[in-house]
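Working notes, beginning with the structure itself.
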Amino acid sequence: MSVVITSPYQHSVADYWNREKNAVNLRLGEVSGTYHHHYGIGAVDWSVLDEPEETREERMIAEMHRLETAQAVLLLDHLGQVQPTDRLLDAGSGRGGSSFMAHERFGCRVDGVSISQKQVDFANEQARLRGVQDKVEFHFRNMLQTGLEPGSLKGIWNNESTMYVNLSKLFAAHSQLLAPGGRYVTITGCYNDVYGLPSKAVSEINAHYVCDIHPRSAYFKAMADNHLVPINVIDLTEATIPYWELRARSSVVTGIEDAFLTAYKDGSFQYLLIAADRV
């Protein structure tokens, strides 16, 4: 084990993302050059299905990319007042899409961390191509042990990456890095405590992504234990269903679409935005 990858489970996660070349991530990213690793929200322009066959797929891909970009915009909207002199952390940064959007919006330094060396290399090459490598940098590091200076960050976010770590350890690490009054934001899938244990569909999602989806209650308990006080909680479940319905009809399906739609619609799975202040 390296100092970055500290357990057999983390090794399996890193291996998954080092090998991942899903068209649903790469083709959508090619639309604008901003590569995301998360899902979309908002109303679908269903007229894309009425396009002639020769242009329909291109329109569908562009529409899905519009929805995933809208998700990232919503997350950044909840980071609060960020100044160019501030510093942000993208924890589980993927191919870097949200980090570049944050720098474009706020003008500040953004660091991203991932335990996938392939993702880190890809994102740093994107930073070089954009000419922002002095302001946006990605590191092969564990989000539980980033090596960044305590209290140095104005904001931190996890965009669909909390299901790969122990929440108590994660929020303890984030709380240490955030300056007092700093903001933490996550958009995540979580299983519904009211439903009970994870449903069959949620278990299928876990198996597909080599992850461990947490119950909704675990987020609020771990935040309360680590000086993070929620200021906004938004249920995005209904807002993300149209994205999945469109994706299920596209050429970039991965085979997990039905599980997501089933879990969202039967109430066993929820898609939440949680913003919290460091106190």
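The values are calculated or read from the model by the stated rules, or taken from the named source; none is laboratory data. A quick note: this is a predicted structure, and the numbers were derived from the prediction, not measured. Using ideal geometry, Cβ is built from the backbone for each residue, glycine included, and neighbour counts are taken over all protein chains shown. Ligands, DNA and RNA are stripped out before the accessible areas are found, and what is left, the full protein with its side chains, is counted by its heavy atoms. Shrake-Rupley method; radii C 1.70, N 1.55, O 1.52, S 1.80 Å.
Kirkwood radius for the range 185-261, taken over all pairs of different Cα atoms as the inverse mean of 1/r, rounds to 14.2 Å. Averaging sequence separations of C-alpha pairs under 8 Å and six or more residues apart, then dividing by the length of the range 149-273, give the relative contact order as a whole percent. Value for the range 149-273: 32 percent. Here's how it looks for residue 211: its modeled amide H is under 5 Å from none belonging to a residue 5 or more places away or on a different chain.
Quick check: at a probe of 1.4 Å, how many percent of the accessible area of the range 127-241 sits on carbon and sulfur atoms? About 53 percent, which is the carbon plus sulfur part of the accessible surface. Divided by 2.2 N^0.38 Å, where N counts the residues, the Cα radius of gyration of the range 53-101 comes to 1.52.
Label sites at residue 43 and residue 253, each approximated as a point 7 angstrom past Cα along Cα to Cβ, lie 2.7 nm apart. The candidates 12, 175, 32, arranged from most to least accessible area with a 1.4 Å probe in the full protein assembly, appear as 32, 12, 175.
Between the range 122-169 and the range 15-56, the alpha-carbon centres lie 23 Å apart. What FRET efficiency comes out for the pair residue 57/residue 179, r = Cβ-Cβ distance, R0 = 51 Å, nearest 0.05? The pair residue 57/residue 179 has a calculated efficiency of 0.65.
Overall, the anisotropy analysis places the range 121-279 in the oblate class: the square-rooted eigenvalues a ≥ b ≥ c of its C-alpha gyration tensor yield a/c not less than 1.5, with a/b not exceeding b/c.
List residues of the range 7-48, by number, whose backbone nitrogen lies under 11 Å from a label position 7 Å along Cα→C-beta of residue 129. It comes to 29-35, nothing else. Extension gain for residue 194-residue 19 works out to 59.4 nm (0.36 nm per residue, less the C-alpha to C-alpha distance). For the chain, a simple Cβ point-charge model (Lys and Arg +1, Asp and Glu -1, everything else neutral) yields a dipole of about 860 debye relative to the Cα centre.
Here, the chain is characterised by an Rg to Rh ratio of 0.95, where Rg is the alpha-carbon radius of gyration and Rh the Kirkwood radius.
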